[in-house]
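So the structure is just underneath, and the comments pick up after that.
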Amino acid sequence: GQWQDLEQLDLCLQFFEEVVDHFSQEYLQTQKLIVNINAALEDVHQTLLQSIKSSKNYGDQLQELNIKIDRQIAELSKNAGEATSIVELQFIIDKKLNAITDSIKERDGIERQRTIELDTTLQNMESKLATLEQRTEFYRNKWLEEKVKSDTDALTGLPNRGAYDKRFNEEYKRWLRSSEPMCLAVIDIDHFKKINDVYGHSVGDKTLQVVTKTIRKSMRNTDFLARYGGEEFVCLLFNTELRNVLKPLEKVKNSVQSIPFKVKNDPLNITISIGVTQLIKSDNVHTVFDRADKALYEAKETG
């Protein structure tokens, strides 16, 4: 008894370690995502600030050039009016027009440079935003994978107890609105502790996997099957009345009993017991399960 207690305590500690490790990893991944998103957003922010600063500088330069051009045009008009001969007028016009042309060329050059820099800035921003999008998508997929893992039983690949509770609550709300009949079945592998004790946990695990595969194959695709815990499964049977599920569940029971399971060439006879009930208006996740569990107990008692 003492050794069994120690073994159970050790299993509990291992389970808690796994849970803590899982949440630590999830926290670190979330933290890493936030840090990466902040870094990418800071890049975009700095690019925008540089672009605004650059725009202001170019705006100031263009304003100065426009004032200079206006002044040069005014000087041309004033100097031309003061000329005393055609030759002097020609000289003044040529000189001033050259200065104005140079100023206009300088202004066009600044505007071209600004366009090039703006295009480069926009390309950089697009690249950084694309990188941010890729990072976000990567971590979103990682998060979804972790979410699926957290809702899945690692050994059987079935939805776990938490996933069942969520699904039941969803289906229960839908059932209240539609009033379509829904049944709940609780399935238990008979004498599973004996299998573990006699043949070891590896055979017990293999038994669970084989039974899971057989039950899943025997159920309808629309039925929701989950591992409730240990050797116990729970199944939601939708749009089905109690009188119509008894024969299909009997077939499930017979399918498991017919599994040609052997351990070191010794045949191992695996059987299951099933308790099933139909939902009533006053039910909740606990009452309907308790009723099906009671029916399971009666099935085991009567063989």
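The values are calculated or read from the model by the stated rules, or taken from the named source; none is laboratory data. All figures in this text were calculated on a predicted structure; none of them were measured in a lab. We place every Cβ from the backbone using ideal geometry, glycine too, and count neighbours over all the protein chains shown. To get the accessible areas, we keep the full protein, side chains included, count just its heavy atoms, and leave off ligands, DNA and RNA. Shrake-Rupley method; radii C 1.70, N 1.55, O 1.52, S 1.80 Å.
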Query raised in the report: According to the square roots a ≥ b ≥ c of the eigenvalues of the Cα gyration tensor, what is the shape class of the stretch 210-278, taking rounded for a/c under 1.5, prolate for a/b larger than b/c otherwise, and oblate for the remainder?
Result: prolate
Report task. Report the net charge of residues surrounding residue 125, where surrounding means a beta-carbon distance below 12 angstrom and charges are Lys +1, Arg +1, Asp -1, Glu -1. Result -> -2
Requested in this report: For residue 198 and residue 56, compute 0.36 nm times the residue count separating them, minus their Cα-Cα distance, and round to one decimal in nm.
Outcome: 42.8 nm
Report task. Evaluate E = 1/(1 + (r/R0)^6) for residue 136 and residue 166, where r is the Cβ-Cβ distance and R0 equals 25 Å; express this FRET efficiency to the nearest 0.05. Result -> 0.45
Query raised in the report: How high is the FRET efficiency between residue 287 and residue 209 when r is their beta carbon distance and R₀ equals 35 Å, given to the nearest 0.05?
Result: 0.65
Query raised in the report: In Å², what does the accessible area per residue of the stretch 208-270 work out to with a 1.4 Å probe?
Result: 58 Å²
Requested in this report: Calculate the dipole size of the stretch 141-293 relative to its Cα centre from +1 charges on Lys and Arg beta carbons and -1 charges on Asp and Glu beta carbons; express the result in debye to the nearest 20.
Outcome: 400 debye
**Report entry** Unit charges at the beta carbon, dipole of the stretch 101-234: most positive-side option, 187, 202, 163
**Finding:** 187
**Report entry** Cut-off under 5 Å, modelled amide H: who pairs with residue 152 long-range
**Finding:** 160
